[in-house]
Structures are given as structure tokens and as C-alpha cells.
Amino acid sequence: MKNKVKKCEGKLGILLPGLGAVATTMITGVYAVRKGIGLPIGSYTQIGNIRLGKRTENRNPKVKDFVPLASLDEIVFGGWDIFEDNAYEAASNAGVIDQQLLDKLKPELSAILPMKAVFDKKFVHNLDGKNVKSALTKMDLANALIRDMEEFRVKNACSRLVMVWCASTEIYLEVSDVHQSLEAFEDGLRCNHPQIAPSMIYAYAAIKSGIPFANGAPNLSCDFPAMVELAGKTRTPIGGKDFKTGQTLMKTIIAPGLKARNIGVDGWFSTNILGNRDGEVLDDPESFKTKEVSKLGSLSNIFEPELNPDLYSDIYHKIRINYYPPRGDNKESWDNIDIFGWLGYKMQIKINFLCRDSILAAPIVLDLALLIDLAKRTGMSGIQEWLSFFFKSPQSAPGLVPIHDLFRQLMKLENTLRHLQGESLITHLGLDYYEK
Ligand SMILES: NC(=O)c1ccc[n+]([C@@H]2O[C@H](COP(=O)([O-])OP(=O)(O)OC[C@H]3O[C@@H](n4cnc5c(N)ncnc54)[C@H](O)[C@@H]3O)[C@@H](O)[C@H]2O)c1
């Protein structure tokens, strides 16, 4: 089993549709780490350890020393945005990273200029920008993106590319006939089908070119049969949806704990205020619906009410996001959880998380880019469920229920890496001790 993974050779190009708060925070972080003026905190691949073998062996290497990942020095960034700002200007506008640090990295950041975006205001009502491609058909737009990627690859002498969607949340769309097969989808691209959103055009362009695609927003993007079919055909790894940060991260940490202790739950009310551009986009009810659906799935999946209706059959789960400009990227969330214990006695938990949205999301973008590149070099293709750890609403194979519990997701992630490197999987059973 050992040495399943091809070594990294040459440069990795990370392509980002959407050079907004999350993308520029990630890029800035990578440059800061490269210069030795920042630490990659929150990044599983850069700062995380993985236990190997028996506990007595004391083998806990850094993940990046255990599996062959692209090193930060071998990464080149590119992207598209509807605004013409370079990455330095976009990061300054986003207001996440101190200006002092941005100024130290100004030459590198200013060199990243957004390519013209594929955009349609019908899918993101609250945004308007000029840096947008025009073409007769959606297929022409997909081909233009394919050309962009190839030009980028040649210009930057990259041996591999990956794409991570960091652009805005689009309006809510459901899977319809045009998404059911590759043939229907390609016909739809040629005849400008109204149910094909820009994020799907980017996903199509990447996957068609064999470029791994990870989706950081709740948009359908690659989560429908036609894209899964294409990924199978081009042997391309894909994954989504929606970076797991903030409130949902907390939910998927706390809910498994309550479940483990067989504590009942009556209700979970979650509300947020945030004032960045993402918040502005989500102020539109149609974009909010996409986010809401993505956030709602986690609790019912973790609590499995069908297995224990006495505890979880009647949970009232409500989520609100309010756009509140004074807070910028510093989101504040409140959760009220109504729980019950022994003999049904009621209790409450209150969580008030003062988080920084893009600070939590940036390491996820980097980890996904490096791990989905690893998947490609390993010969893995299609939906990469082992990357569910990073997603709010994990894409899973048809007929499979996605895993939301952060700890199960971590076990799957770690065991996949152990498996790839020919290490034994860890079950925490310790049988040899008891059977001595
Ligand atoms: N920050 C978080 O914690 C977090 C968590 C989960 C998901 N997300 C998602 O990540 C995405 C990015 O978040 P953000 O805070 O950086 O938002 P942002 O608004 O700062 O950045 C998004 C950028 O995408 C651009 N854009 C929109 N449509 C585009 C298109 N079709 N092509 C190219 N560019 C386009 C916008 O102009 C903007 O600059 C959002 O969809 C958000 O919902 C963020």
C-alpha cells in the first residue's frame, strides 16, 4: 500500500474565483508565513500533527512532513473577480488584515490581478462590477475560462493547478433536468439555460480540464449528477460545499458531545451579525436561502432523530443572518440551545462567539487546495468525502448520507492519509493491551 502518492514536482497554481475577503486573507497569510512573519494557525496541513502506530511508539509527525504536499514556496496564486482591484487593494478593502502587515507584502499582493469574471447579476443580486467577460453562450464563457487557466499555467510554469471557489453565494437553485447528465448540461451551456449559474461554469471549466475543484460556498457548483459524471470521465477530484467556519463549526463540535452523553435537545436558535461584503450578499433573501439550506443540515444529521426519537425528534432549529455593516468581517454569533437531561429536566446553553470569519476560513482554503492536489496525484477522483472536515454541507456520493460530526470527519481524514502512506488505521481499540 505504501507510496501510493506521487511526489510533488514543480509549482502548484491555486486558482481562486473571487478575490474577496477570504481569498486575500489566505494569500496574505501564505506570503507572511513564507517570509517568517506569521504562523499558519488553524491550518491542518501546516501546523497539525497526525498520530501514527501505537501510542507507545510516540510517532506524531506534522501532517506536511507525513504526506507529500506542495510546499508554500512552490505555490502561485491566480484568480478572477468582477472588481479590478489587485489582491493588495482587495485585502485593504476587506479590512481583515492589519494595513501594516499588508504593506510589508505589498509587492507580492499587488502583482495578483484578477482575470475577467464570469458573472451574472441574476445570480448575485447585491453586486455589480465591470471586470466581467461577455460572450454569446455559456459554453463560450466556459471555454474562455479554460483558456485563462491554460495561459496562467504556461505563464507561471505550473506543473499542476487546483481551483477553490471563494466567490459570492449565489441565489438558491435546485437540481433540475439540465443538471442530470453531462449531455443535458453541455446542451444547456450551448443554449444559455437559465438554471446554469456562473459557479457551475467555473466548475465545468476546471473539471473538464482535469483541474481539481473545491467549492467554498453553498452554491450547487459541482454538486449534481452532470458534474460528478464529468469528474469521473476526466478523473478529477471534486469537493464541497461551503467552508465550515464560525457558528457551524461550533455546532458540529458541541452537538456530537451532547449526543455522546444522550442529552436531549428541544431547540437550537442561531443568529449572527456580520458586515462584510459576504454579509451584504446574504442580505438578499435568495442568496440567504442558499446559505440557510447549507447550514440547516448539520444538526439532524448529527443527532440522528430516527434512532433516538425520545431525545431528538422534535428539535426546533432556526438560523438568522443579519447584515450589520459596523462589524465588518468580525462576525458575532449567538446560539441558544434548549436541552433536557435525566427525567426530562430542562437546561440551557448560551454561546456568544466573537469570531473573525475570514481568519477562520483562510486556512481551510489552503488546506483544501493542498489536499485536493494530493488527491489528484494519488489518482483519486470524483467526490472526495474524506475532505468533509472542511465543509459545512459536505457533498457525498449518491445514496450516502453526508457526515457532519467534526470528530468523525477528522477520523476519516486522518485514516485516509494513514492509508495513503501505508500506515495502519487507528481505531482506538487498544486490544493488545487487554488481551495480554
Ligand atoms: N468567511 C467565512 O467564514 C465563510 C465561510 C463559509 C463560506 N464562505 C463563503 O466564501 C465566499 C467568499 O466569502 P468572502 O467573505 O470572501 O466574500 P467577499 O464578498 O469578500 O468575496 C467574494 C468575492 O467574489 C467576487 N465575485 C462574486 N461573484 C463572482 C464571480 N462570478 N466570479 C468571480 N468573482 C466573483 C466578489 O466581487 C467578491 O470580491 C462566500 O460565498 C461566502 O459565503 C465564507
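The values are calculated or read from the model by the stated rules, or taken from the named source; none is laboratory data. The structure presented is a predicted model; accordingly, all values stated were derived computationally and were not measured. So basically every Cβ, Gly included, is an ideal-geometry build from the backbone, and we count neighbours across all protein chains shown.
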Task: the range 301-338, subset aromatic (Phe, Trp, Tyr) and over 30 Å from Arg277 (Cα atoms), residue surrounded by the fewest Cβ atoms within 10 Å (Cβ to Cβ) - done: Tyr312
- [ ] Find all pairs meeting these conditions: Cβ atoms under 8 angstrom apart; at least six residues apart or on different chains; first residue within the range 108-127 and within 20 Å of Leu145 (Cα to Cα); second residue polar (S, T, N, Q) and near the ligand (Cβ under 7 Å from one of its atoms).
- [x] Phe123/Ser199; Val124/Ser168; Val124/Thr169
Task: Failed item in (1) closer than 30 Å to Ile273 by Cα; (2) without any contact (Cβ under 8 Å) to a residue 60 or more places away in the chain; (3) among the polar types (S, T, N, Q), with Asn192 passing the rest - done: (1)
Open item on the list: Are there strands (runs of 3 or more DSSP E) fully within the range 304-397 with at least 3 residues that are modelled with pLDDT of 95 or more and outside the structural domain of Ser159 (by TED's automatic domain parsing)? List them.
Closed with: 332-340, 346-354
Open item on the list: Among the residues in the range 75-88, are any more than 26 Å from Ser168 (Cβ to Cβ) and assigned to a helix (DSSP H, G or I)?
Closed with: no
Task: Of residues in the range 190-203 being within 13 Å of the ligand (Cβ to nearest atom) and in a helix (DSSP H, G or I), the one surrounded by the fewest Cβ atoms within 10 Å (Cβ to Cβ) - done: Ile201
Open item on the list: Asn219 - would you say it is polar (S, T, N, Q), touching a residue at least 40 places away in the same chain (Cβ under 8 Å) and touching an Asp or Glu at 6+ places or on another chain (Cβ under 6 Å)?
Closed with: yes
Open item on the list: Looking at Ser92 and the list (1) closer than 27 Å to Lys331 by Cα; (2) touching a Gly at 6+ places or on another chain (Cβ under 9 Å), which single condition is not satisfied?
Closed with: (2)
Open item on the list: For the condition closer than 28 Å to Pro114 by Cβ, surrounded by fewer than 21 Cβ atoms within 10 Å (Cβ to Cβ), of a type in the set (A, V, I, L, M, F, W, C) and at pLDDT 95 or above, what is the one hit in Ala70, Ala23, Ala32?
Closed with: Ala32
- [ ] For the range 320-346, enumerate the residues that are among the hydrophobic types (A, V, I, L, M, F, W, C) and in contact (Cβ under 8 Å) with a residue 60 or more places away in the chain.
- [x] Trp334, Ile337, Ile339, Phe340
Task: Subset tally (residues that are under 19 Å from Lys291 (Cβ atoms) and near the ligand (Cβ under 9 Å from one of its atoms)) for the range 121-137 - done: 3
Open item on the list: Restricting to the range 16-47, name every residue that is within 11 Å of the ligand (Cβ to nearest atom) and either not assigned by TED's automatic domain parsing to the domain that holds Pro363 or not in a loop (DSSP other than H, G, I, E, B) (or both).
Closed with: Leu16, Pro17, Ala21, Val22, Ala23, Thr24, Thr25, Met26
Open item on the list: Tally up the residues in the range 384-421 that are within 16 Å of the ligand (Cβ to nearest atom) and among the polar types (S, T, N, Q), please.
Closed with: 4
Task: Selection from the range 90-105 of residues that are buried (at least 20 other Cβ atoms within 10 Å of the Cβ) and away from the ligand (no atom under 11 Å from the Cβ) - done: Ile97, Leu102, Leu105
Open item on the list: For the condition assigned to a helix (DSSP H, G or I), away from the ligand (no atom under 16 Å from the Cβ) and assigned by TED's automatic domain parsing to the domain that holds Leu72, what is the one hit in Asp187, Asp148, Asp140?
Closed with: Asp187
Task: Count - residues of the range 336-369 that are β-branched (Val, Ile, Thr) and over 24 Å from Asn262 (Cα atoms) - done: 3
Open item on the list: Can you find, within the range 160-173, the residue that is nearest to the ligand (Cβ to nearest atom) among those that are assigned to a loop (DSSP other than H, G, I, E, B) and within 13 Å of Met200 (Cβ to Cβ)?
Closed with: Ala167
Open item on the list: Step by step: first the residues of the range 227-255, then only those that are under 20 Å from the mean Cα position of the chain (by Cα) and of a type in the set (Gly, Ala, Ser), then the one that is farthest from the ligand (Cβ to nearest atom). Which residue is that?
Closed with: Ala231
Open item on the list: Checking the structure you have, find out if any residue of the range 303-317 is under 15 Å from Ile337 (Cβ atoms) and out of contact with any Gly (no Cβ under 8 Å at 6 or more places or on another chain).
Closed with: yes
TODO: Could you check Phe224 against (1) more than 16 Å from the ligand (Cβ to nearest atom); (2) under 13 Å from the mean Cα position of the chain (by Cα) and say which number it fails?
DONE: (2)
- [ ] Could you check, for the range 353-367, whether at least one of its residues is charged (D, E, K, R) and more than 16 Å from the ligand (Cβ to nearest atom)?
- [x] no
